[in-house]
Amino acid sequence: MKTSPSERPLALVIDDEPQMRRLLRVCLEMNGYEVAEAGTGAEGAERAALCQPDIVLLDLGLPDMEGHAVLKRLREWSQAPVMVVSVRQREAEKIAALDGGANDYITKPFGTGELLARLRVLQRYKQPSGRPEVFHSGALSVNLAARIVKVGGEIVKLTATEHALLVLFVQNAGRVLTHGYLLREIWNARDPEQTGILRVYMGYLREKLEADPSKPQLLLTEPGVGYRLAMLD
């Protein structure tokens, strides 16, 4: 991560093709960037958390997971500009990536001049993240980048669904999230009446995060509407 304005911006390239990573490294280093690389989605997410790049170049066709999943994970905690670099040219793919949080999309093969111009635009209009990397509320702390949840300093293990649900509350701390919104975002369910699974998972989270799950102080119920993550001192 940059530590002073004089240092070169750090670009993270997440692509499973060694030839493409070499091409991008040469191009970027010749034009003032430092470069970090990852060949899989999981490695890319981990490298992003460790080095906190100024910009990410992300392929969609990764061997272990879709680039869309990596993008979703990055957007849980980072607002660094993401440029999708992919052979996929279908409009639907571009729309899905942009709607999923990508800032731009360029298809392979591409001209290095165009790539660099697009990166300059992203760097020019980069906005600092207003979301802290580590969220605190009472005894709860959530490190969004490292995906570590603690209560009273002790690590709490969550399932993937529990973690995704908690991240959604952290991203909207203090706001009431309706049953329908939570069902759509976590389970892609369209029927707001299907609240049974939501109640079950809220129970799981309360068991793991609340001092007294029967009298929750963090994850509050808004009767007939939804749930809210309280902001505690």
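Here are a few things to note about the model shown:
- Contact annotation: no residue pair with Cβ atoms under 7 Å, 6 or more positions apart or on different chains, pairs a residue in segment 58-74 that is closer than 15 Å to residue 104 by Cα and free of Cβ contacts under 8 Å to residues at least 12 places away in the same chain with a partner that is among the charged types (D, E, K, R) and loosely packed, with under 15 Cβ neighbours inside 10 Å.
- When segment 153-181 is limited to residues that are modelled with pLDDT under 90 and of a type in the set (Ser, Thr, Tyr), the one that is farthest from residue 211 (Cα to Cα) turns out to be 181.
- Answer from 131, 228 - the residue that is at pLDDT 90 or above and either assigned to a loop (DSSP other than H, G, I, E, B) or buried (at least 16 other Cβ atoms within 10 Å of the Cβ) (or both): 228
- Scanning segment 45-73 for residues that are within 15 Å of residue 97 (Cβ to Cβ) and not in a strand (DSSP E or B) turns up 59, 60, 62, 65, 67, 68, 69, 70, 71, 72, 73.
- Residue check for residue 136: under 27 Å from residue 173 (Cα atoms), in contact with a Leu (Cβ under 7 Å, 6 or more places away or on another chain) and outside any loop (DSSP other than H, G, I, E, B): no
- Residue match in segment 14-25 (condition: assigned to a strand (DSSP E or B), charged (D, E, K, R) and either surrounded by fewer than 23 Cβ atoms within 10 Å (Cβ to Cβ) or in the same structural domain as residue 117 (by TED's automatic domain parsing) (or both)): no
- Qualifying residue in segment 185-199 (condition: among the aliphatic types (A, V, I, L, M), in contact (Cβ under 8 Å) with a residue 60 or more places away in the chain and either surrounded by 13 or more Cβ atoms within 10 Å (Cβ to Cβ) or in a helix (DSSP H, G or I) (or both)): no
- Residue list for segment 212-225, filter: assigned to a loop (DSSP other than H, G, I, E, B) and either surrounded by fewer than 13 Cβ atoms within 10 Å (Cβ to Cβ) or of a type in the set (Phe, Trp, Tyr) (or both): 212, 214, 215, 223, 224, 225
- Looking across 122, 165, 115, one residue alone is part of a helix (DSSP H, G or I), under 15 Å from the mean Cα position of the chain (by Cα) and on the phi < 0 side of the Ramachandran plot. It is 165.
- Residue in segment 81-97 that is closer than 18 Å to residue 48 by Cβ, of a type outside the set (Lys, Arg) and in a helix (DSSP H, G or I) present: yes
- Counting residues in segment 97-120 that are at pLDDT below 90, under 28 Å from residue 220 (Cα atoms) and either aromatic (Phe, Trp, Tyr) or surrounded by fewer than 16 Cβ atoms within 10 Å (Cβ to Cβ) (or both) gives zero.
The values are calculated or read from the model by the stated rules, or taken from the named source; none is laboratory data. Here the structure is a predicted model, which means the values were calculated and not measured. Glycine gets a Cβ as well: all are built from the backbone with ideal geometry, and neighbour counts include every protein chain shown.
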